[in-house]
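Heads up: the structure comes next, in structure tokens.
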């Protein structure tokens, strides 16, 4: 039997509170890691480590936070926006989330806004409950 979503949300919130030193009330499923919770790229490593420990799973960092590998590939970025190839790559890596309005304006400066608590919950849910 898989882990219930409510439990995953609770555990992910706990990880965010511990990793980022924020108050639990600040961590909602819509909170963006960087914008709302003040995470910096160095924090992502810590978050991945804590999530692995909390859920007992292996999390390849580029799987949960694929932005870095996208940013380092010239074919995926043009004029500060993701190209169609970049968008396709992001979609394939983040199949567990809806990119929504980001697809209409794939500005790389908005990439950080895609990483919400809910996206992490979706990812963990997919990993834990994948048969």
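Observations on the structure shown:
- Across the range 70-82, the number of residues qualifying as surrounded by fewer than 17 Cβ atoms within 10 Å (Cβ to Cβ) and either over 19 Å from the mean Cα position of the chain (by Cα) or touching a residue at least 12 places away in the same chain (Cβ under 8 Å) (or both) comes to 8.
- Once the range 15-35 is narrowed to residues that are without any contact (Cβ under 8 Å) to a residue 12 or more places away in the chain and touching a helix residue (DSSP H, G or I) at 6+ places or on another chain (Cβ under 9 Å), the residue that is surrounded by the most Cβ atoms within 10 Å (Cβ to Cβ) is 17.
- Among (1) in contact with a strand residue (DSSP E or B) (Cβ under 7 Å, 6 or more places away or on another chain); (2) under 21 Å from residue 37 (Cα atoms) - the single one residue 83 does not satisfy: (2)
- Complete set of residues in the range 83-99 that are within 21 Å of residue 59 (Cα to Cα) and crowded, with 18+ Cβ neighbours inside 10 Å: 89, 90, 94, 97
- Selection over the range 48-57 of residues that are in contact with a helix residue (DSSP H, G or I) (Cβ under 7 Å, 6 or more places away or on another chain) and part of a helix (DSSP H, G or I) gives a count of 5.
- The numbered conditions (1) touching a helix residue (DSSP H, G or I) at 6+ places or on another chain (Cβ under 7 Å); (2) part of a loop (DSSP other than H, G, I, E, B) are all true for residue 98 except (1).
- Only one of the listed residues (126, 116) is closer than 16 Å to residue 8 by Cα and touching a strand residue (DSSP E or B) at 6+ places or on another chain (Cβ under 6 Å). That residue is 116.
- As a summary of the residue check, residue 38 satisfies the conditions (1) closer than 26 Å to residue 4 by Cβ; (2) at pLDDT 95 or above; (3) outside any helix (DSSP H, G or I) except for the one numbered (1).
- Qualifying residue in the range 59-69 (condition: over 18 Å from residue 44 (Cα atoms) and either more than 11 Å from the chain's Cα centre (by Cα) or modelled with pLDDT of 90 or more (or both)): no
- Test for residue 45: is it loosely packed, with under 13 Cβ neighbours inside 10 Å, in a helix (DSSP H, G or I), in contact with a helix residue (DSSP H, G or I) (Cβ under 9 Å, 6 or more places away or on another chain) and at pLDDT below 95: yes
- Among all positions in the range 106-117, there is at least one residue which is modelled with pLDDT of 95 or more, in a helix (DSSP H, G or I) and under 10 Å from the mean Cα position of the chain (by Cα).
The values are calculated or read from the model by the stated rules, or taken from the named source; none is laboratory data. These numbers were taken from a predicted model, which means no experiment stands behind them. Please note: Cβ atoms are built from the backbone with ideal geometry, for glycine as well, and neighbour counts cover all protein chains shown.
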